[in-house]
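Bear in mind that the values in this text are calculations on the coordinates, not laboratory data. Please read these numbers as outputs of a predicted model, since none were measured by experiment. Here the Cβ positions follow ideal geometry from the backbone for every residue, glycine too, while neighbour counts run over all protein chains shown.
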Amino acid sequence: MPTSMPIVAGTNALPVAPAGFVNEAPEQVEDEEIIPLTAEQAQALRLRQPMVSPWWVVGAQAVVGVLVVLAAWLITGKSVAAVSAACGAAAVVVPAALFARGMTGRFASANAGAAVLSFFVWELVKIVVTVGMLFAAQHWVVGLSWLAMLLGLIVTIKVYWLGLAFTRKSGSVLGKTLNGKSN
């Protein structure tokens, strides 16, 4: 415990807030009233802000991966650079496909607890498969171009940002913001 904070004497010795800070319990802090959405507002929100499918992102990553492979081949004129770039792109696309499959399965949508567990399990699978594919690439490809492989990996993984670009901005629902205040 820092020595600069005075201690309140008593059986439950607690530090006192420094000067200028309010020492309040969380339940004493007044928050804005949270107004839940009505069914109509929730439906309008879903229509205005549709979710981006994880399969769309995986497909876009595959297309970008193919473009990176073609660019590597056209720029260098060497097939080993194209194969190296393909290994980098595959180290993104294959684990992302496994993750999307796991997250869209029945177990992941059973309940909130299962969804959280499923997320962490499939994220771990994704990381392990990615690292495994990158290590295996040095044995699969004779004369592996690390630069081409890393470029394939980095450019392909940046497709996640395209998914964010295609989602709509948050706004009002039936004339009210999500916290219930009027615009």
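Compute the distance in nm between two label points, each set 7 Å from the Cα along the Cα-to-Cβ direction, one at TRP161 and one at ALA44.
Distance between the two pseudo-spin positions: 3.4 nm.
How high is the FRET efficiency from ASN111 to PHE135, r the C-beta distance, R0 41 Å, rounded to 0.05? Could the numbers behind the result be given before it?
Working: r = 36 Å, r/R0 = 0.88.
Efficiency computed from Cβ-Cβ geometry: 0.70.
Stretch PHE119-ILE35 to full length: gain in nm at 0.36 nm per residue minus the Cα-Cα span? Don't skip to the answer; put the middle values down first.
On the way: separation 84, 0.36 × 84 = 30.24 nm, distance 2.92 nm.
That pair, PHE119 and ILE35, stretches by 27.3 nm at full extension.
How much net charge surrounds SER118 when only the other residues with a Cβ under 15 Å from the Cβ of SER118 are counted, with Lys and Arg +1 and Asp and Glu -1?
+2
Pop out the ³J(HN,Hα) list for region 120-136 in order, Karplus 6.51 cos²θ - 1.76 cosθ + 1.60 with θ = phi - 60°, rounded to Hz; leave Gly and Pro as x.
For region 120-136, the Karplus-derived couplings read 5, 5, 6, 5, 4, 4, 4, 5, 5, 5, 4, 4, x, 5, 5, 5, 5 Hz, x marking Gly and Pro.
Output wanted: per-residue J couplings in Hz (rounded whole) for region 46-61, from phi through Karplus 6.51 cos²θ - 1.76 cosθ + 1.60, θ = phi - 60°, x for Gly and Pro.
These are the phi-based 3J(HN,Hα) values: 5, 6, 7, 10, x, 6, 7, 5, x, 6, 5, 5, 5, x, 5, 5 Hz.
Once phi is turned into θ = phi - 60°, what whole-Hz ³J(HN,Hα) does the Karplus curve with 6.51, -1.76 and 1.60 give for every residue of region 143-156, x standing for Gly and Pro?
Ordered by residue, 3J(HN,Hα) equals x, 3, 8, 5, 4, 5, 5, 5, 5, x, 5, 5, 5, 5 Hz.
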